[in-house]
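**Q** I'd like to ask some things about the structure below.
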Amino acid sequence: MNKNRIKTELLVHDLKNPIAVIEASADMLIRNAERENPLTERQIKALTRVIRNSRIAMSLVNDILEVGRSNEGILNKGTYRCFEYIVFPFVEIFDLIDPEIAERISRAGGYKAFIEILASQGVRLEMDASLWEKEIFLDVRKVRQIIRNLLSNAFKYRKKEVVVEISLDDNNLFISIADDGKGIEKEFHKKVFERYLQLGDEREHCVRGHGLGLAGALVLVEDMGGRMTLESEMNRGAKFSVSLPLGR
Ligand SMILES: Nc1ncnc2c1ncn2[C@@H]1O[C@H](COP(=O)(O)OP(=O)(O)OP(=O)(O)O)[C@@H](O)[C@H]1O
Ligand SMILES: [Mg+2]
């Protein structure tokens, strides 16, 4: 392993400590509040967000270190119901935009309520009701990461609407995420999947920034033996479609 890589991994590794302290402190505040001084509902909600997000951060740190251990990337397949793949990324996205909605989504508890909350936020979910509880054998953390990254872009660029389609056939899970934003010119359709590439505002040039989301999502899709495609024209939005072969 080269030295830079070890240094990067050590930095990531050392993130564990502060994240653990953040979680433990928020947790302590909530637990002491039950016994001693009561907190307002808003304070409890904020602390709950802190705890939820520090757990997410911790599991991401663990994932980074796991990936480092294997050049292939480690697959951790299991059987989860369809909604377990889908709901979580929305909670994470809304935790940034509107925590109230994130809370409602994480408590929605069923297909109908989930779809209705999303619809109120300009997100159309097209998915058969019968899929909600369907058991699917895939790497749930990786699938969530892919969905979260595509959603985060769609929310960043949409004008009004995001459309998410989920379907299943005998061999694949299909996920597509589309927005109605400014779109991506044909000549950049391959390039947007490169690391550190962001298109400049005028779209005349590429900016080297933290364009990691799509490159990372593509690697995860390919690790699982899947495919990702992009359909987009300028000013007509962008649609990213993923197919993932089902295990077993
Ligand atoms: N839905 C979209 N509509 C228009 N342009 C997009 C869309 N998704 C991605 N892009 C373009 O592709 C670039 C790369 O996307 P990517 O998700 O890899 O990086 P990013 O979103 O800029 O940063 P991050 O690393 O935080 O994800 C973006 O900077 C943007 O220019
Ligand atoms: Mg992104």
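**Q** Within segment 99-204, considering only strands (runs of 3 or more DSSP E) that don't extend past its boundaries, which have at least 2 residues that are surrounded by fewer than 18 Cβ atoms within 10 Å (Cβ to Cβ)?
**A** Working: elements: 123-127, 135-138, 162-168, 172-179, 197-199.
Once the strands (runs of 3 or more DSSP E) in segment 99-204 are filtered for at least 2 residues that are surrounded by fewer than 18 Cβ atoms within 10 Å (Cβ to Cβ), what remains is 123-127, 135-138, 162-168, 172-179.
**Q** Specify which of the listed residues (T8, T40, T79) is exposed (fewer than 12 other Cβ atoms within 10 Å of the Cβ) and hydroxyl-bearing (S, T, Y). Write out each step before concluding.
**A** Numbers: T8 fails: exposed (fewer than 12 other Cβ atoms within 10 Å of the Cβ); T79 fails: exposed (fewer than 12 other Cβ atoms within 10 Å of the Cβ).
Sole residue among the options that is exposed (fewer than 12 other Cβ atoms within 10 Å of the Cβ) and hydroxyl-bearing (S, T, Y): T40.
**Q** Yes or no: E34 out of contact with any Ser or Thr (no Cβ under 8 Å at 6 or more places or on another chain) and either more than 24 Å from I64 (Cα to Cα) or assigned to a helix (DSSP H, G or I) (or both)?
**A** yes
**Q** Given the conditions (1) over 23 Å from D63 (Cβ atoms); (2) touching a helix residue (DSSP H, G or I) at 6+ places or on another chain (Cβ under 9 Å), which single one is not true for G109?
**A** (2)
**Q** May I pose another question? Among the residues that make up segment 102-121, is at least one of them in contact (Cβ under 8 Å) with a residue 12 or more places away in the chain, within 15 Å of R144 (Cα to Cα) and within 18 Å of the chain's Cα centre (by Cα)?
**A** yes
**Q** Identify all residues within segment 121-160 that are touching an Asp or Glu at 6+ places or on another chain (Cβ under 6 Å) and within 12 Å of ligand 1 (Cβ to nearest atom); write none if there are none.
**A** R148, A154, Y157, R158, K159
**Q** A further question on this structure: Please verify whether D180 is among the acidic types (D, E) and over 24 Å from R81 (Cβ atoms), treating the condition exactly as stated.
**A** Numbers: among the acidic types (D, E): yes; over 24 Å from R81 (Cβ atoms): yes.
Yes.
**Q** Taking the criterion of being out of contact with any helix residue (DSSP H, G or I) (no Cβ under 9 Å at 6 or more places or on another chain), hydrophobic (A, V, I, L, M, F, W, C), over 16 Å from S232 (Cβ atoms) and more than 10 Å from ligand 1 (Cβ to nearest atom), would at least one residue in segment 168-181 satisfy it?
**A** Yes, there is a match, as at least one residue in segment 168-181 is out of contact with any helix residue (DSSP H, G or I) (no Cβ under 9 Å at 6 or more places or on another chain), hydrophobic (A, V, I, L, M, F, W, C), over 16 Å from S232 (Cβ atoms) and more than 10 Å from ligand 1 (Cβ to nearest atom).
**Q** Taking only pairs six or more apart or across chains, which ones have beta-carbon atoms under 7 Å, a first residue in segment 216-234 that is free of Cβ contacts under 8 Å to residues at least 24 places away in the same chain and basic (K, R), and a second residue that is crowded, with 16+ Cβ neighbours inside 10 Å and part of a helix (DSSP H, G or I)?
**A** Here the result reads R227/V221, each pair linking segment 216-234 to a residue that is crowded, with 16+ Cβ neighbours inside 10 Å and part of a helix (DSSP H, G or I).
None of the figures in this text is laboratory data; all of them are computed from the coordinates on show. Since the model is a prediction, treat every value here as computed from it, not as a measurement. No Cβ is skipped: glycine too gets one built from the backbone with ideal geometry, and neighbour counts run over all protein chains shown.
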